[in-house]
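The values are calculated or read from the model by the stated rules, or taken from the named source; none is laboratory data. The shown structure was predicted, so the numbers you read here are calculated from the model rather than taken from an experiment. FYI the Cβ positions are ideal-geometry reconstructions off the backbone, even for glycines, and counts take in every protein chain you see. The protein model used for the area step is the full one, side chains on, heavy atoms only, and it has no ligands, DNA or RNA in it. Shrake-Rupley method; radii C 1.70, N 1.55, O 1.52, S 1.80 Å.
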Amino acid sequence: MFGAPKSNMLAILFADISGSTALYTKLGDVEALKLVSKCLNILIGELPSRQGVLIKTIGDEIMCSFPNAALAFESACAMQRVIEMQRPGGERPIYIRIGFHYGEVIQIAEDLFGDAVNTAARVTSITRARQILTTQAVYDSLPEKLRRKVRLVSRAEFRGKDGAVDVFQVDWEVDSTMTTRIGLPKFRKPTEARHELLLRHHEQILTVNEQHKSIVTGRGDTCDLIIPSNFASRQHATIDFSFGKFVVTDHSANGTFIRFSDNQVIHLTHQEIMLHGTGAISLGQPFSESPVDIIEYLVQ
(Lines give C-alpha, C1' and ligand atoms only; values in the text may rest on other atoms or scores of the structure.)
Protein backbone atom coordinates (compact mmCIF):
# COMPACT_ATOMS: atom_id res chain seq x y z
CA MET A 1 0.00 0.00 0.00
CA PHE A 2 2.80 2.43 0.93
CA GLY A 3 5.55 0.96 -1.26
CA ALA A 4 8.94 -0.29 -0.15
CA PRO A 5 10.66 1.68 2.64
CA LYS A 6 13.58 3.82 1.47
CA SER A 7 16.63 4.80 3.49
CA ASN A 8 18.47 8.07 3.06
CA MET A 9 20.83 10.44 4.88
CA LEU A 10 18.93 13.58 5.88
CA ALA A 11 18.98 16.37 8.44
CA ILE A 12 15.83 16.26 10.59
CA LEU A 13 14.68 19.47 12.26
CA PHE A 14 11.95 20.12 14.80
CA ALA A 15 10.80 23.67 15.60
CA ASP A 16 8.13 24.38 18.17
CA ILE A 17 6.55 27.30 19.94
CA SER A 18 7.68 27.72 23.54
CA GLY A 19 4.94 28.16 26.12
CA SER A 20 2.06 27.47 23.74
CA THR A 21 0.00 25.87 26.51
CA ALA A 22 -0.03 29.21 28.34
CA LEU A 23 -1.29 30.90 25.15
CA TYR A 24 -4.38 28.70 25.08
CA THR A 25 -5.04 29.49 28.74
CA LYS A 26 -4.68 33.25 28.30
CA LEU A 27 -6.17 33.78 24.84
CA GLY A 28 -8.69 30.97 24.57
CA ASP A 29 -8.63 28.15 22.05
CA VAL A 30 -9.70 30.08 18.95
CA GLU A 31 -7.31 33.04 19.26
CA ALA A 32 -4.41 30.88 20.44
CA LEU A 33 -4.86 28.52 17.51
CA LYS A 34 -4.81 31.47 15.11
CA LEU A 35 -1.58 32.74 16.63
CA VAL A 36 0.07 29.30 16.63
CA SER A 37 -0.94 28.75 12.99
CA LYS A 38 0.40 32.17 12.02
CA CYS A 39 3.74 31.42 13.66
CA LEU A 40 4.06 27.95 12.10
CA ASN A 41 3.25 29.35 8.67
CA ILE A 42 6.09 31.85 9.06
CA LEU A 43 8.46 28.99 9.88
CA ILE A 44 7.23 26.88 6.97
CA GLY A 45 7.85 29.84 4.66
CA GLU A 46 11.59 29.55 5.38
CA LEU A 47 11.83 25.98 4.03
CA PRO A 48 11.74 26.26 0.20
CA SER A 49 14.78 28.53 -0.16
CA ARG A 50 16.95 25.91 1.60
CA GLN A 51 15.46 22.77 0.05
CA GLY A 52 13.53 22.04 3.22
CA VAL A 53 10.56 19.67 3.13
CA LEU A 54 7.71 19.88 5.63
CA ILE A 55 7.10 16.34 6.87
CA LYS A 56 4.26 17.12 9.24
CA THR A 57 2.79 19.55 11.73
CA ILE A 58 2.32 18.22 15.26
CA GLY A 59 0.24 20.65 17.32
CA ASP A 60 2.53 23.64 17.91
CA GLU A 61 5.51 22.01 16.21
CA ILE A 62 6.78 21.33 12.71
CA MET A 63 9.00 18.47 11.61
CA CYS A 64 10.99 18.96 8.42
CA SER A 65 13.93 17.50 6.54
CA PHE A 66 16.90 18.86 4.59
CA PRO A 67 19.39 17.25 2.20
CA ASN A 68 22.32 18.11 4.45
CA ALA A 69 23.26 19.56 7.82
CA ALA A 70 24.38 22.95 6.45
CA LEU A 71 20.99 23.69 4.91
CA ALA A 72 19.25 22.70 8.15
CA PHE A 73 21.65 24.95 10.08
CA GLU A 74 20.91 27.94 7.86
CA SER A 75 17.17 27.33 7.98
CA ALA A 76 17.17 27.07 11.79
CA CYS A 77 18.95 30.42 12.08
CA ALA A 78 16.58 31.99 9.53
CA MET A 79 13.56 30.73 11.51
CA GLN A 80 14.76 32.31 14.74
CA ARG A 81 15.53 35.60 12.99
CA VAL A 82 12.24 35.84 11.13
CA ILE A 83 10.26 35.31 14.34
CA GLU A 84 12.33 38.02 16.03
CA MET A 85 11.79 40.37 13.11
CA GLN A 86 8.09 39.78 12.39
CA ARG A 87 6.95 39.38 16.03
CA PRO A 88 3.81 37.40 15.13
CA GLY A 89 2.40 37.87 18.63
CA GLY A 90 2.62 41.67 18.50
CA GLU A 91 3.04 42.91 22.06
CA ARG A 92 2.75 39.33 23.29
CA PRO A 93 6.19 37.69 22.90
CA ILE A 94 6.38 34.49 20.88
CA TYR A 95 9.54 32.38 21.02
CA ILE A 96 10.55 29.20 19.29
CA ARG A 97 13.04 26.47 20.07
CA ILE A 98 14.76 24.30 17.48
CA GLY A 99 16.63 21.01 17.57
CA PHE A 100 18.10 19.10 14.64
CA HIS A 101 20.20 16.04 13.86
CA TYR A 102 21.78 14.45 10.79
CA GLY A 103 21.66 10.74 10.09
CA GLU A 104 20.04 7.84 8.30
CA VAL A 105 16.24 7.83 8.14
CA ILE A 106 13.64 5.45 6.78
CA GLN A 107 11.04 6.95 4.47
CA ILE A 108 7.62 5.30 4.28
CA ALA A 109 5.18 7.20 2.06
CA GLU A 110 5.50 10.87 3.13
CA ASP A 111 6.75 10.21 6.67
CA LEU A 112 10.22 9.59 8.13
CA PHE A 113 11.26 7.20 10.88
CA GLY A 114 14.37 5.94 12.59
CA ASP A 115 16.99 6.81 15.17
CA ALA A 116 17.85 10.14 13.51
CA VAL A 117 14.25 11.30 13.88
CA ASN A 118 14.14 10.22 17.54
CA THR A 119 17.45 11.93 18.30
CA ALA A 120 16.32 15.20 16.72
CA ALA A 121 13.10 15.11 18.76
CA ARG A 122 14.97 14.44 22.00
CA VAL A 123 17.45 17.24 21.39
CA THR A 124 14.50 19.60 20.81
CA SER A 125 12.92 18.47 24.09
CA ILE A 126 15.85 19.90 26.11
CA THR A 127 16.06 23.13 24.11
CA ARG A 128 14.95 26.41 25.68
CA ALA A 129 13.16 29.36 24.13
CA ARG A 130 15.26 31.19 21.49
CA GLN A 131 17.78 28.35 21.39
CA ILE A 132 19.00 26.06 18.62
CA LEU A 133 20.61 22.82 19.76
CA THR A 134 22.16 20.10 17.65
CA THR A 135 24.47 17.07 17.74
CA GLN A 136 27.97 15.84 17.03
CA ALA A 137 26.80 14.34 13.73
CA VAL A 138 25.70 17.76 12.56
CA TYR A 139 28.88 19.43 13.76
CA ASP A 140 31.02 16.89 11.93
CA SER A 141 29.05 17.48 8.71
CA LEU A 142 29.25 21.28 8.70
CA PRO A 143 31.75 23.34 6.70
CA GLU A 144 34.37 25.13 8.77
CA LYS A 145 32.71 28.56 8.49
CA LEU A 146 29.54 27.22 10.12
CA ARG A 147 31.40 25.18 12.74
CA ARG A 148 32.73 28.45 14.14
CA LYS A 149 29.14 29.33 15.11
CA VAL A 150 28.60 26.08 17.03
CA ARG A 151 29.91 25.18 20.47
CA LEU A 152 29.63 22.23 22.81
CA VAL A 153 27.44 23.11 25.79
CA SER A 154 26.56 19.83 27.52
CA ARG A 155 26.30 16.08 27.51
CA ALA A 156 22.80 14.65 27.75
CA GLU A 157 21.44 11.16 28.32
CA PHE A 158 18.51 10.18 26.10
CA ARG A 159 16.28 7.19 26.54
CA GLY A 160 17.33 4.38 24.22
CA LYS A 161 20.85 5.76 23.79
CA ASP A 162 23.93 4.11 25.27
CA GLY A 163 25.92 6.71 27.13
CA ALA A 164 25.70 10.48 27.00
CA VAL A 165 25.27 12.48 23.81
CA ASP A 166 27.23 15.65 23.10
CA VAL A 167 24.87 18.61 22.64
CA PHE A 168 25.96 21.69 20.69
CA GLN A 169 24.43 25.15 20.59
CA VAL A 170 24.16 27.28 17.47
CA ASP A 171 24.90 30.99 17.90
CA TRP A 172 22.34 32.48 15.53
CA GLU A 173 22.17 36.04 16.81
CA VAL A 174 24.02 38.98 15.32
CA ASP A 175 25.84 40.47 18.30
CA SER A 176 25.76 44.25 18.30
CA THR A 177 26.74 44.72 21.94
CA MET A 178 30.24 45.93 21.08
CA THR A 179 28.75 49.30 20.19
CA THR A 180 26.24 49.57 23.04
CA ARG A 181 26.41 50.66 26.65
CA ILE A 182 24.22 50.06 29.65
CA GLY A 183 24.96 52.88 32.05
CA LEU A 184 28.53 53.57 33.14
CA PRO A 185 31.27 53.51 30.48
CA LYS A 186 33.18 50.85 32.42
CA PHE A 187 30.24 48.45 32.16
CA ARG A 188 30.95 47.33 28.60
CA LYS A 189 31.58 44.10 26.80
CA PRO A 190 35.24 43.02 26.69
CA THR A 191 36.99 41.80 23.58
CA GLU A 192 36.85 38.14 24.59
CA ALA A 193 33.64 36.46 25.80
CA ARG A 194 33.86 34.84 29.23
CA HIS A 195 30.32 33.44 29.38
CA GLU A 196 29.34 35.59 32.32
CA LEU A 197 26.28 37.65 33.12
CA LEU A 198 26.83 40.84 35.07
CA LEU A 199 23.87 42.25 36.98
CA ARG A 200 23.90 45.67 38.59
CA HIS A 201 21.34 47.32 40.84
CA HIS A 202 22.61 50.73 41.94
CA GLU A 203 26.00 49.98 43.53
CA GLN A 204 25.53 46.24 43.88
CA ILE A 205 26.96 43.97 41.16
CA LEU A 206 26.43 40.20 40.93
CA THR A 207 27.89 37.69 38.48
CA VAL A 208 26.21 34.57 37.10
CA ASN A 209 28.57 32.06 35.49
CA GLU A 210 29.72 28.44 35.51
CA GLN A 211 30.71 28.72 39.18
CA HIS A 212 27.60 30.62 40.31
CA LYS A 213 24.85 29.29 38.08
CA SER A 214 21.68 30.67 39.62
CA ILE A 215 20.35 33.64 41.55
CA VAL A 216 16.98 34.67 42.91
CA THR A 217 15.85 38.29 42.79
CA GLY A 218 12.89 39.93 44.51
CA ARG A 219 12.03 41.96 47.59
CA GLY A 220 12.42 39.07 50.04
CA ASP A 221 15.30 39.16 52.52
CA THR A 222 16.57 35.76 51.37
CA CYS A 223 17.04 36.80 47.72
CA ASP A 224 20.52 37.04 46.23
CA LEU A 225 19.63 40.38 44.64
CA ILE A 226 17.13 42.28 46.80
CA ILE A 227 14.94 44.84 45.03
CA PRO A 228 13.14 47.06 47.56
CA SER A 229 10.11 47.78 45.40
CA ASN A 230 6.42 47.32 46.15
CA PHE A 231 5.99 46.08 42.57
CA ALA A 232 8.33 43.14 43.17
CA SER A 233 7.25 39.82 44.63
CA ARG A 234 9.20 38.27 47.49
CA GLN A 235 10.83 35.76 45.15
CA HIS A 236 10.11 37.49 41.87
CA ALA A 237 12.37 35.80 39.31
CA THR A 238 15.28 33.44 38.89
CA ILE A 239 18.24 33.89 36.55
CA ASP A 240 20.03 30.69 35.56
CA PHE A 241 23.08 29.74 33.52
CA SER A 242 22.08 26.66 31.49
CA PHE A 243 23.35 25.15 28.24
CA GLY A 244 25.68 28.11 27.80
CA LYS A 245 22.90 30.71 28.00
CA PHE A 246 21.42 32.98 30.67
CA VAL A 247 17.70 32.51 31.21
CA VAL A 248 15.30 34.67 33.23
CA THR A 249 12.20 32.93 34.59
CA ASP A 250 9.34 34.96 36.05
CA HIS A 251 7.53 33.64 39.16
CA SER A 252 5.75 36.84 40.16
CA ALA A 253 2.32 38.43 40.44
CA ASN A 254 3.10 41.49 38.30
CA GLY A 255 5.46 39.99 35.74
CA THR A 256 9.01 40.86 34.73
CA PHE A 257 9.89 43.46 32.08
CA ILE A 258 13.01 42.98 29.95
CA ARG A 259 14.35 45.80 27.76
CA PHE A 260 16.95 44.76 25.20
CA SER A 261 19.57 47.01 23.61
CA ASP A 262 17.34 47.67 20.57
CA ASN A 263 14.68 49.05 22.98
CA GLN A 264 12.40 46.05 22.44
CA VAL A 265 10.52 45.40 25.70
CA ILE A 266 9.26 41.94 26.64
CA HIS A 267 6.75 41.38 29.45
CA LEU A 268 7.17 37.94 31.01
CA THR A 269 4.28 36.43 32.96
CA HIS A 270 5.32 33.06 34.36
CA GLN A 271 7.49 32.63 31.27
CA GLU A 272 11.19 32.47 30.57
CA ILE A 273 13.47 34.23 28.12
CA MET A 274 17.14 34.10 27.20
CA LEU A 275 19.17 37.24 27.87
CA HIS A 276 21.57 38.47 25.23
CA GLY A 277 23.73 41.52 24.72
CA THR A 278 22.94 44.34 27.12
CA GLY A 279 19.72 45.65 28.59
CA ALA A 280 17.67 46.20 31.70
CA ILE A 281 15.23 44.30 33.89
CA SER A 282 12.33 45.80 35.86
CA LEU A 283 10.49 43.69 38.41
CA GLY A 284 6.75 44.24 38.17
CA GLN A 285 6.81 47.83 36.86
CA PRO A 286 6.69 48.79 33.15
CA PHE A 287 9.55 50.89 31.79
CA SER A 288 6.94 53.40 30.61
CA GLU A 289 6.44 54.32 34.29
CA SER A 290 10.17 55.16 34.70
CA PRO A 291 10.94 52.63 37.45
CA VAL A 292 13.68 53.50 39.91
CA ASP A 293 14.78 49.97 40.78
CA ILE A 294 16.16 48.81 37.44
CA ILE A 295 18.59 45.91 37.14
CA GLU A 296 21.09 46.53 34.35
CA TYR A 297 22.61 43.47 32.72
CA LEU A 298 25.50 42.60 30.43
CA VAL A 299 26.19 39.21 28.84
CA GLN A 300 29.89 38.77 28.11
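Quick notes
- Within the range 71-83, the only residue that satisfies the criterion of being of a type outside the set (A, V, I, L, M, F, W, C), out of contact with any helix residue (DSSP H, G or I) (no Cβ under 7 Å at 6 or more places or on another chain) and buried (at least 18 other Cβ atoms within 10 Å of the Cβ) is GLN80.
- Members of the range 48-70 that are in a helix (DSSP H, G or I) and open to solvent by 30 Å² or more (accessible area, probe 1.4 Å): PRO48, SER49, ARG50
- Within the range 212-241, the residues that satisfy the criterion of being surrounded by fewer than 16 Cβ atoms within 10 Å (Cβ to Cβ) and under 24 Å from the mean Cα position of the chain (by Cα) are HIS212, LYS213, SER214, GLN235.
- Inside the range 9-28, residues that are among the polar types (S, T, N, Q) and surrounded by 13 or more Cβ atoms within 10 Å (Cβ to Cβ) make up a count of 2.
- Residues being more than 15 Å from VAL105 (Cα to Cα) and under 21 Å from the mean Cα position of the chain (by Cα) - total across the range 49-71: 8
- Of the criteria (1) in contact (Cβ under 8 Å) with a residue 24 or more places away in the chain; (2) of a type in the set (Phe, Trp, Tyr); (3) not in a strand (DSSP E or B), which one TYR24 fails: (1)
- Note on the range 29-47: residues that are open to solvent by less than 30 Å² (accessible area, probe 1.4 Å) and either among the small types (Gly, Ala, Ser) or touching a strand residue (DSSP E or B) at 6+ places or on another chain (Cβ under 8 Å) (or both) total 6.
- Residues being open to solvent by less than 50 Å² (accessible area, probe 1.4 Å) and within 20 Å of VAL170 (Cα to Cα) - total across the range 258-273: 1
- Any hit, the range 274-295, residues being buried (at least 19 other Cβ atoms within 10 Å of the Cβ), farther than 28 Å from GLN80 by Cα and of a type in the set (D, E, K, R): yes
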